[in-house]
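This report refers to the structure that appears directly beneath it.
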Amino acid sequence: MLEKIFIILLIPVVIYVVYYLLNRTSKNNKAIKRVLSDEGKNILEQEVAYYRHLSVVDKQEFETRCLAFLDTVKIEGVGVTLELKDYMLIAASAVIPIFAFKKWTYPNLTNIMVYPSHFNADYQFEGHANRNIMGMVGEGAMNGQMILSKSALEYGFENPNDGQNTAIHEFVHLIDKTDGTVDGVPTYLLDKAAIIPFMNLIREEINKIKEHTSDIDTYGMTNPGEFFAVASEYFFENPTKFQKKHPELYTALSRIFEQS
């Protein structure tokens, strides 16, 4: 009799334990077990040149990384309705600069707000002057946030050869910020011996922009942090031209991002 009572009492405990383990496993491996839809793959194939040039195996890895990113970062439209294309372009922009680092995540990012168009320093996007910001990484009270212009996001992938991509730019800022400051020197990705030479190289390249002897966007001469992000846009968008025009900088960024 006692044996039957014990078994009856044990059954719900066993059910709970099994449910807990299965539920925990499904949550932890949600992104790994899921497969990107054909529609999502088609968007990457049509819109993202970096993805198109990958091998079949690397494409699968890229897709998995996109899903993992979308599982961990909240993306919401503000004054605009987002489509699958927007989510895929944002995820691709996040994965491209860290693709060589299989375990990299963005610990300093929890939320991305997508505005319909350019905005100003007060985060306003309509009916106000000075709306010239296409994207930004939050500081202070906005820490952990990113704001992107939907129009700038899509424009960044329309011409893969112009060396300009706002979303990649902002994610490079986040990589730079991992060591605490956006200063153009991603110390987590640089050997200590390479830091000073890289800083000197940035200084030289900024001077070339000021002297009108460089084709790197003039926004890059704002400060070293902006230069690193602007140069990285160019590097990932049109590596062939970038290597031809800026061989030393190309070599440095190839080492930083571990691109072969």
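The values are calculated or read from the model by the stated rules, or taken from the named source; none is laboratory data. These numbers come from a predicted model, not from an experiment. Ideal geometry is used to build each Cβ from the backbone, glycine not excepted, and the neighbour counts take in all protein chains shown. In case anyone asks, the SASA skips ligands and DNA or RNA and just uses the protein heavy atoms, side chains included. Shrake-Rupley method; radii C 1.70, N 1.55, O 1.52, S 1.80 Å.
So that you can scan it fast, the table gives a plain yes or no per residue for (1) aromatic (Phe, Trp, Tyr); (2) touching a helix residue (DSSP H, G or I) at 6+ places or on another chain (Cβ under 8 Å); (3) surrounded by fewer than 16 Cβ atoms within 10 Å (Cβ to Cβ):
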position: Leu201; (1), (2), (3): no, yes, no
position: Thr213; (1), (2), (3): no, no, yes
position: Thr218; (1), (2), (3): no, yes, yes
position: Gly225; (1), (2), (3): no, yes, no
position: Tyr234; (1), (2), (3): yes, yes, no
Quiz item: Are any residues in segment 49-62 of a type in the set (Asp, Glu) and loosely packed, with under 13 Cβ neighbours inside 10 Å, and if so, which ones?
Solution: Asp58
Exercise. Look through segment 236-246, keep the residues that are without any contact (Cβ under 8 Å) to a residue 24 or more places away in the chain and open to solvent by 60 Å² or more (accessible area, probe 1.4 Å), and return whichever of them is farthest from the chain's Cα centre (by Cα).
Key: Lys244
Exercise. Check whether at least one residue in segment 101-114 is part of a helix (DSSP H, G or I), in contact with a Leu (Cβ under 9 Å, 6 or more places away or on another chain) and open to solvent by less than 10 Å² (accessible area, probe 1.4 Å), and report yes or no.
Key: no
Practice problem: Could you list all residues from segment 46-91 that are closer than 18 Å to Ser117 by Cα and of a type in the set (D, E, K, R)? | Solution: Glu76, Glu83, Lys85, Asp86
Quiz item: So how many residues does segment 154-167 have that are more than 23 Å from Lys244 (Cα to Cα) and either free of Cβ contacts under 8 Å to residues at least 12 places away in the same chain or open to solvent by 40 Å² or more (accessible area, probe 1.4 Å) (or both)?
Solution: 2
Exercise. Take segment 63-77 and flag every residue that is surrounded by 17 or more Cβ atoms within 10 Å (Cβ to Cβ) and touching a strand residue (DSSP E or B) at 6+ places or on another chain (Cβ under 8 Å).
Key: Val73, Ile75
Exercise. For segment 79-94, state whether one or more residues are assigned to a strand (DSSP E or B), out of contact with any Pro (no Cβ under 9 Å at 6 or more places or on another chain) and either aromatic (Phe, Trp, Tyr) or surrounded by fewer than 17 Cβ atoms within 10 Å (Cβ to Cβ) (or both).
Key: no
Practice problem: Select, from Gly184, Gly180, the only residue that is at pLDDT 90 or above and assigned to a loop (DSSP other than H, G, I, E, B). | Solution: Gly184
Exercise. Please state which of the following conditions Glu170 fails to meet, knowing it meets all the rest: (1) closer than 23 Å to Leu44 by Cβ; (2) without any contact (Cβ under 8 Å) to a residue 40 or more places away in the chain; (3) charged (D, E, K, R).
Key: (2)
Quiz item: Quick one: how many residues across segment 247-260 are surrounded by 16 or more Cβ atoms within 10 Å (Cβ to Cβ) and over 20 Å from His173 (Cβ atoms)?
Solution: 1
